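What follows is a set of notes on a single structure, which appears directly below.
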Amino acid sequence: MEEDRRKPLQVPSPSRTPLRLLVPLLSAVLIALTTVIVLVALVAPSKLQLQNRPLTVLLELPQDRINKSTNSQAESKAEHTTIQPTTASPTPRKSQNPHARGGPYHDWELFEADYNEMLRKLKIFVYPDAFDSGTSPFANIFMPYSNPFHPKLGNYLSEHAFKVALLRSELVTDRPEEADLFFMPFSINAMRNDPRLHSTDSISGFVANYTHRIGSEFKFWNASSGSDHFYVCCHSIGREAASKHRELLNNAIQVTCSSSYFQRLYISHKDVGLPQVWPRQPEPLLSPPDERDRLVFFAGRIQNARVRQELLALWGNDSSMDMNPSFPYEQGFRRSKYCLHVKGYEVNTARISDAIHYGCVPVLISNYYDLPLANVLDWSKFSITIHEADIVFLKRILLAVPGPTYSSMYQNLEIVRKHFAWNTNPGNYDSFYMTAYQLWLRRGLHRLSRTKHRISGYASSYHLEVAVFSQIKTYIDANSDGLRIAAHPAARAGATFHVAISI
């Protein structure tokens, strides 16, 4: 035994290896290679399809709601409907436009293409109350203001100017069947100044009754449960206007100056922030940066908000800042580098548009403010945002801004000024058309047609247009009927997906 253990292991040389040992080895190698090739062939196309496949909508509806006359697939409890993405233009190339590089826009070329498509296609139907020549006792509530730029309108200019500009624009159609949106022309400001409707309760009741009336006299409201209707208000009471009509509150688009994330009656993805503009005389020549010898300017009622009281307590005596000075209001904007927008009763004031109008870089101290046009304009390129809790660091923050950065902000202010101006006859890229563009983006957020049904307590229907904006993934779930729309992660933001579902 010991001798056998000491014997070295005899390994046969390759030349002597029996053929019967090579055959199984070669077969195993061939099988392994074949398996790998098959797996690669299967996996590669699936990855390619995953990158390019269209969105899919999974509908799970009760059997009794399915229209059995459509096709054989309608007999199942779940249907798969393919949605083909459609976009206004191909993926933008690198723009040579100066707006596109370091300018105040997120993507100038993409915005410009979509904006021009809006000018060609958007149609708005205005309910006939806006054209009432005085036969109705409440004609003053609906008709356009004779002089929307009258100084006494002040903070409410935007509400009236929008209506005047809309009625003079080419977006209006007298054929409601071709309209994308429907304008409800009542004025909250006019109601507030009418002794018959002065109170908040009376205004919300009037608006609810008006909504019921157009729902009974016209078919358009009921066709969409109000999701393609909108109204405009720049008075803080306006946010309560829809409180007595559920569909108006949940579905209609509120275009408002008081666009606060914190307000329970404002929904940022549905509603629109309206630029609040005070009627000012044209300012064709702006004071250049080297002529602005004051660091900060602020003017506003101190009693309107705690943060304003703290601001004055901290910086009221600073020699580089002008807090509620005695010199004229306009002079403060013309001679200062930074002008403060500090929230009062509401998150919004006209001081932002005033600062832009006079070329003073806005400093925004107003938490929860859903800034107007924020999906088009990059506010960080022409303004500074400071949290209300950080006003103690105000001076340090402003002095730390490099000179070239300030110069860039000032130049961008000159570019965006046209977006914060109203015209009796609307002009390209002015406040009216920029607000209309926001409505254009929301026209397909949840378009409803034909017979409605309920989804999680909200009115919906069988024809949907889903717009994917800043978020790549979009989900719409329904607890009651199992409706689920899931945007594929590979979908490009900004694309619009059209779904047609037969029930």
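Sort the following peptides by mean Cβ neighbour count (other Cβ atoms within 10 Å, averaged over residues), highest first: 243-256, 305-318.
Ranked by mean Cβ neighbours within 10 Å, highest first: 243-256, 305-318.
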Using the heavy atoms of the protein chains and a 1.4 angstrom probe, tell me the accessible area per residue for region 137-275 in square angstrom.
39
Checked region 227-274 against the a/c 1.5 cut and the a/b vs b/c comparison, axes a ≥ b ≥ c from its Cα gyration tensor; verdict rounded
Amide H proximity to GLY103 below 5 Å, modelled H, separation 5+ or other chain, gives none
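Once a ≥ b ≥ c are taken as the square roots of the eigenvalues of the Cα gyration tensor of region 296-352, is the result rounded (a/c under 1.5), prolate (a/b larger than b/c) or oblate (a/b not larger than b/c)?
oblate
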Evaluated at 37 °C and 0.692 mPa s, the Stokes-Einstein D of region 169-275 based on the Kirkwood radius over Cα pairs, in µm²/s, stands at 231
Report, by chain and number, residues whose modeled amide H sits under 5 Å from the one on PHE297, excluding near sequence neighbours (fewer than 5 apart, same chain).
ASP322, TYR338, CYS339, LEU340
Can you pull the percent of region 216-258's accessible area that's carbon plus sulfur, 1.4 Å probe, other chains left in place?
46
Checking the a/c ratio against 1.5 first, then a/b against b/c, what shape does the Cα gyration tensor give for region 139-222?
oblate
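The values are calculated or read from the model by the stated rules, or taken from the named source; none is laboratory data. Predicted model only: the values in this text are computed from it and were never measured. Here Cβ is always computed from backbone atoms with ideal geometry, including for glycine, and neighbour counts include all displayed protein chains. Only protein heavy atoms, including side chains, enter the accessible area calculation; ligands, DNA and RNA are left aside. Shrake-Rupley method; radii C 1.70, N 1.55, O 1.52, S 1.80 Å.
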